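Below: the structure, in structure tokens.
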Amino acid sequence: TYPLYREQTKRWLKLDYHRTYSVPSIILMFFSFSFVGWLWEVSLHLFGDGEFVNRGFFHGPWLPIYGTGGVLILLVLKKWQDRPLRLFGMTMLLCGIIEYFSGLALETLFQVRWWNYSDMLFEIQGRVCLTGLLIFGIGGLAIVYIIAPKLEGIFSRIPQKYLCLLCAALLLIFAADIAISFLHPN
């Protein structure tokens with residue numbers, strides 16, 4: 001038999017992605033995805049151009065566009081969890097809409113472009129491109145099937161009062177960053 005069809009392999013590969021996430025878990029996932037997005041963008045710039053640049057509109061180590069996308073993938077696209085190809089396509093669509101309109105809003109409000117994909121293949125007004133959408137599609141599958149269930153397992157071990165305090169502290173710091181960033185964008 002093939003290794004993937006052995007019982008021990010099936011147990012090891014079992015993915016428990018049919019979940020309803022708690023509000024504190026959703027909040028912490030938002031910040032986790034926002035932070036990982038920030039690390040991704042900073043790393044691309046650091047290794048691509050050789051210098052550290054705090055990417056994004058905000059001053060803190062987060063890019064909420066990634067957090068918003070990750071959380072919306074879990075909440076809005078839940079009905080496609082059992083159809084990975086459809087979930088992949090819907091993730092690309094959802095993330096493309098978020099990225100396009102976030103870029104448009106930032107350009108409209110501040111007359112500054114935080115990103116520009118005009119030199120990429122299959123781009124739309126420099127705000128989204130096929131390469132980015134494919135990466136988001138793969139990332140969305142990883143979030144639904146692996147990352148979010150693992151994070152939920154970690155977050156569920158934190159005592160409820162500490163979980164609520166952590167969420168409140170992060171939301172307060174984030175609210176302060178929003179206020180500062182609207183006055184003085186990064």
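The values are calculated or read from the model by the stated rules, or taken from the named source; none is laboratory data. Everything quoted here is computed from the prediction, not taken from an experiment. Backbone-built Cβ (ideal geometry, glycine too); neighbour counts: all protein chains shown. Surface accessibility is based on the protein's heavy atoms, side chains included, excluding ligands, DNA and RNA. Shrake-Rupley method; radii C 1.70, N 1.55, O 1.52, S 1.80 Å.
Restricting attention to region 74-87, the residues that are surrounded by fewer than 17 Cβ atoms within 10 Å (Cβ to Cβ) and either modelled with pLDDT of 95 or more or assigned to a helix (DSSP H, G or I) (or both) total 7.
Of all the numbered requirements in (1) under 20 Å from Tyr21 (Cβ atoms); (2) assigned to a helix (DSSP H, G or I); (3) out of contact with any helix residue (DSSP H, G or I) (no Cβ under 8 Å at 6 or more places or on another chain), Leu94 misses one, and that requirement is (3).
Scanning region 114-141 for residues that are surrounded by 14 or more Cβ atoms within 10 Å (Cβ to Cβ) and hydroxyl-bearing (Ser, Thr, Tyr) yields a single hit, Tyr117. Scanning region 161-173 for residues that are touching a residue at least 24 places away in the same chain (Cβ under 8 Å) and open to solvent by 50 Å² or more (accessible area, probe 1.4 Å) yields Cys164, Leu166, Leu171, Ile173. Scanning region 111-130 for residues that are within 20 Å of His45 (Cβ to Cβ) and either part of a helix (DSSP H, G or I) or of a type in the set (A, V, I, L, M, F, W, C) (or both) yields Val112, Trp114, Trp115, Met120, Val128, Cys129. Could you please let me know if Leu183 is in contact with a Cys (Cβ under 9 Å, 6 or more places away or on another chain), at negative phi and open to solvent by 70 Å² or more (accessible area, probe 1.4 Å)? Criteria not met by Leu183. Residues of region 103-113 that are touching a residue at least 12 places away in the same chain (Cβ under 8 Å) and open to solvent by 40 Å² or more (accessible area, probe 1.4 Å): Leu104, Phe110, Val112, Arg113.
The set of residues in region 43-73 being aromatic (Phe, Trp, Tyr) and part of a helix (DSSP H, G or I) consists of Phe47, Tyr66. Of the numbered criteria (1) open to solvent by less than 40 Å² (accessible area, probe 1.4 Å); (2) part of a helix (DSSP H, G or I); (3) modelled with pLDDT under 95, the one Pro24 fails is (3). Only a single criterion out of (1) part of a helix (DSSP H, G or I); (2) buried (at least 21 other Cβ atoms within 10 Å of the Cβ) is not satisfied by Trp40, namely (2).
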